[in-house]
Each structure stands twice: as structure tokens, then as C-alpha cells.
Amino acid sequence: MMKLMMAGAFATVAAAVFVTAAAAQDSANIGEQGLQTEPMELVIDDEKMMTRVKAPADSPFTELISGWEFRNPGTRKMELDDFDNPAFIWVEQGEELWSTVDGTEGKSCATCHEDASDSMKGVRAAFPKWDEAKGKPQAMEHQVNECRTERMGADAWKWESDQMLGMTAYVGLQSRGMPVQVEIDGPMQEWWQRGKDLYYQRVGQLDMSCANCHEDNYGKMIRADRLSQGQINGFPTYRLKWQKIGSLHRRFKGCMQNIRAVGYKRGSDEFTALELYVASRGQGLSVETPAVRQ
């Protein structure tokens, strides 16, 4: 693990130098919609990720575009090779935790789910999912803690703990390349509508909504970063700004703080509904977990 952490740290530093150099010519490489004009495809382990797909008829966009497309060349290249992707420090931690026995029941994740590459394939692409017993949708973090507390007899992990981030990154990796496909019918419809209402609701001292940035102004610069469509197909994501991997709900909370609004708690019904709605806006884009962003 120590060798892996040193390799990851070296890769991060080297990539950061590259990003700085690339940023100097970034403005000259920007074309339509604020996208990079330098030809590059997101291909990982010989598998091409769908970073652009035709939007459905009811979408506010004509084309759905992954946040990867809006990043500068240096940041994009970090995601092309798992060795250069600093998020894999957490992925490997998650892989270790998968087979680690914990709790009073003497079980690990592998006890019930066996090989994650088989049992977890497609899981990330379908979350949030409806939980019949709880009568509401659950994010993946909810599901992980439900397994820990109700089946393993183990303590719940904190939402932003390294253990939770490692596990959700490892599980998410098993769906990489698969299209996002969340269920929004049946009992999920009410929650989807709730998330939509939150997405368009103006809040905070700046009186802004999610849509003001990620729908009305995507492709434009905000401070030193370029606004994307706000697609979430790469979470949990390694952000250079954070210098670590982070959850989607951390990103939601950060956005609300940026517009001087009081954010909801990670794992709250509000953020779970918002996650469901935003996931539905990116149906068909490839899961990139764990992605790299600025």
C-alpha cells in the first residue's frame, strides 16, 4: 500500500505540472460550447467510453456531454491510464475492504457477493435505486451501510470516509464503460420530480439554481474552471482541487456553498432526490468511475 501511495503521489505531482503547462495554451484550444478542440477519445484498457450521446427528446440539451470533455488536456490524460489516475489509491483500498471480515456476523462483502467483477457489474449505472423496505430511493452509500449494519453487524462508515470512498469507487469501477440507466418510473417518479424541483430552485444569497450554471452557461469560464453540464457519471471523482477522491454529495454541498446557500446533509433525502434527477439527465453516458476532474 505504501508503494502504491508513493506511486499515486508521484503521478499526481507529475500530472499537476503537466496540467499547469497545458493551461497556458488552453484558451487557444477552445472551440464550440467551450470544449477542447484537441482530438482525444476517452479509451481506458482498450474500452471506449461514450462521452457524448444524443440527448432524448425531453432533454434541455441536444447532446449529453461528459464533464471529461470540458477539462484541459492534462486533466483528461490523467483518466486515460489507471496508473496515472490518483483515485486508484482508494480503489485498491476498496478492493482490500471487499474481502475483509468485519462485524459481529463474521462476514465480508465477498461472503455474500463473491467476486465483485461479476456481482457488482452494472450496479453503479443503476443507482440511486428504490428500497422497498424504506419506501424511498437509496444512494450507493446508503446501501453499503445497510449491508454493514444489518448483515455484517459492523459499524456504519461515514459518508466521506476513506473506507466509504474506497468501497464506492471499487464497486463503481465494475460498471465502468456501461451506460448510466437509472429507474425513474413507478414510486421513483415522485422523487425524480422532487430532485428536478431542487435542480431549478434558486437559493442562496446569489439567488442561483443548478441550472443557471450547468444548463444555461455550460462551456463558459467561472473563475479558473470551465462549467460543464454537471453530469455525474464519474463519481466518486478525484478532484485536483480537493487532492483526493470525493462523493457526489460533497460536490452538491460545495456548489451550494459557492452560491452562499445552506447545503443539505450528505445522504439527505434532498440530495438523494437531486442525485436521482441529475443521473437521469445523463442516461446513456458511460460510467467513468473513478473519474478525474479539476
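The values are calculated or read from the model by the stated rules, or taken from the named source; none is laboratory data. What you see is a predicted model; the values in this text were computed from it and never measured. Reconstructed Cβ throughout: ideal geometry from the backbone, glycine too, with neighbour counts over all protein chains shown.
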Residue ID - nearest to residue 157 (Cα to Cα), chosen from residues in segment 267-294 that are part of a loop (DSSP other than H, G, I, E, B) and of a type in the set (Val, Ile, Thr)
289
Assuming residue 50 fulfils every condition listed in (1) within 20 Å of residue 279 (Cβ to Cβ); (2) buried (at least 21 other Cβ atoms within 10 Å of the Cβ) apart from one, which condition is it?
(2)
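Might you check whether a residue that is assigned by TED's automatic domain parsing to the domain that holds residue 144, hydrophobic (A, V, I, L, M, F, W, C) and without any contact (Cβ under 8 Å) to a residue 12 or more places away in the chain occurs anywhere in segment 97-108?
Yes, some residue in segment 97-108 is assigned by TED's automatic domain parsing to the domain that holds residue 144, hydrophobic (A, V, I, L, M, F, W, C) and without any contact (Cβ under 8 Å) to a residue 12 or more places away in the chain.
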Taking segment 104-129 and keeping residues exposed (fewer than 13 other Cβ atoms within 10 Å of the Cβ) and part of a helix (DSSP H, G or I) leaves 112, 117, 118
How many residues, within segment 57-68, are in contact (Cβ under 8 Å) with a residue 24 or more places away in the chain and over 15 Å from the mean Cα position of the chain (by Cα)?
4
If we scan segment 185-208, do we find a residue that is touching a residue at least 60 places away in the same chain (Cβ under 8 Å) and among the acidic types (Asp, Glu)?
no
Scanning segment 213-253 for residues that are among the hydroxyl-bearing types (Ser, Thr, Tyr) and in a loop (DSSP other than H, G, I, E, B), the one farthest from residue 266 (Cα to Cα) turns out to be 218
